[in-house]
Each structure stands twice: as C-alpha cells, then as structure tokens.
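*Asks:* Quick one: structure below, then a few questions.
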C-alpha cells in the first residue's frame, strides 16, 4: 500500500471523515500525534499566527489545549478538549472547543481518531462530529483540508525522523 494524501468525505450532514496514510508504524504516528514536543514540530497554525501553548494528555480524562496568538494583532485563539476514550495506538476520542481570546466559542465538535497498520503503513481515520450542518459546512469552507495536509506532510517528516534504521 502506498501512502496517500488527505482524503475527505461527508457521510452525514454533521460529520466529516478525514483519512490519511503515513509510511510509518502506527505507534510512531500515535506518538507524533499526541506527544506535545512532537506535536509542536508538525502543527502549523493559521497563516499569521503562532502556536504558543501545546498540552496533551492522551488518556481518559486527560486534556488537550492549544493556544495560538496573532503575530500582527493582539488576538488569541484556543482549542481545548477532554479525552473521553483512549486505546493507545488504536483509537482515541476527544471533545474540542475552539474559542477566541475573549472566550467566544467559534465551534464545538467531537473528534475520533482511529489507527490501522498494514505492512508498516498506518492509516489514520479522523471522524469529526459537529453540532450542526452549518458548523460542518463552515469547517469545510475554511480551507481546513489544505491546512491539515500541510501539517500532515510535516508529520510524515516527523515520523521518518524517529523510524528505526
């Protein structure tokens, strides 16, 4: 199986499914996805923004928190969540709330990550469940696909750095 770039589908009016393969064992993909120091290496903030905080505890009840600051204006954004399921290297579920620096909620969703490995190639499937069709469509129209694929290309490089010879 040859790794593929980000694939997106919309199985329901409120869901987005994102599928991406990586030429690495799922243990390495998992570790890069959920270890804060490694997350910082591949997470790209929106253009004109900087990632200023990255916290992640991938266990049931653990938290996820990313903070972004605008480089030109005095603006901030946060992404916060709580892990509700965790089966290391296989499946993890978390809530996600995106908010402006003032605390105004921009969006909420539940995100499920599933990892499968075949001959050293990992397929990661992310299901994002939104509160409404409008919220889902807003995410789709935001350019998220280009931003996520740019991040995942960096994640490819991150897992390659840690691949045993």
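The values are calculated or read from the model by the stated rules, or taken from the named source; none is laboratory data. Since this is a predicted model, take the numbers as computed values, not measurements. Backbone-built Cβ (ideal geometry, glycine too); neighbour counts: all protein chains shown.
*Asks:* May I ask you to verify whether residue 129 is assigned to a strand (DSSP E or B), over 21 Å from residue 26 (Cβ atoms) and either modelled with pLDDT of 90 or more or in contact with a helix residue (DSSP H, G or I) (Cβ under 6 Å, 6 or more places away or on another chain) (or both)?
*Replies:* Here the answer is yes, as residue 129 does meet what is asked.
*Asks:* Here are 116, 86: which of them is closer than 26 Å to residue 160 by Cβ, surrounded by 17 or more Cβ atoms within 10 Å (Cβ to Cβ) and in contact (Cβ under 8 Å) with a residue 12 or more places away in the chain?
*Replies:* Exactly one residue qualifies, and that residue is 86.
*Asks:* Do we find a residue being closer than 26 Å to residue 27 by Cα, in a strand (DSSP E or B) and either more than 15 Å from the chain's Cα centre (by Cα) or modelled with pLDDT of 95 or more (or both) anywhere in region 145-159?
*Replies:* Checked against the condition, which is being closer than 26 Å to residue 27 by Cα, in a strand (DSSP E or B) and either more than 15 Å from the chain's Cα centre (by Cα) or modelled with pLDDT of 95 or more (or both), region 145-159 yields no hits at all.
*Asks:* In region 23-50, what residues are over 14 Å from the mean Cα position of the chain (by Cα) and either in a helix (DSSP H, G or I) or on the phi < 0 side of the Ramachandran plot (or both)?
*Replies:* Selection gives 23, 24, 25, 26, 27, 28, 37, 47, 49, 50.
*Asks:* Considering only region 119-145, state which residues are over 15 Å from residue 66 (Cβ atoms) and free of Cβ contacts under 8 Å to residues at least 60 places away in the same chain.
*Replies:* Matches in region 119-145: 134, 137, 138, 141, 142, 143.
*Asks:* For region 81-125, give me the residue count where each residue is closer than 24 Å to residue 22 by Cα and outside any strand (DSSP E or B).
*Replies:* 5
*Asks:* Sticking with this structure for a sec: Go through (1) touching a strand residue (DSSP E or B) at 6+ places or on another chain (Cβ under 7 Å); (2) touching a residue at least 40 places away in the same chain (Cβ under 8 Å); (3) not in a strand (DSSP E or B) for residue 59 and report which single condition fails.
*Replies:* (2)
*Asks:* Select from region 1-26 the residues that are modelled with pLDDT of 95 or more and out of contact with any strand residue (DSSP E or B) (no Cβ under 7 Å at 6 or more places or on another chain) and write down the one among them that is nearest to residue 134 (Cα to Cα).
*Replies:* 13
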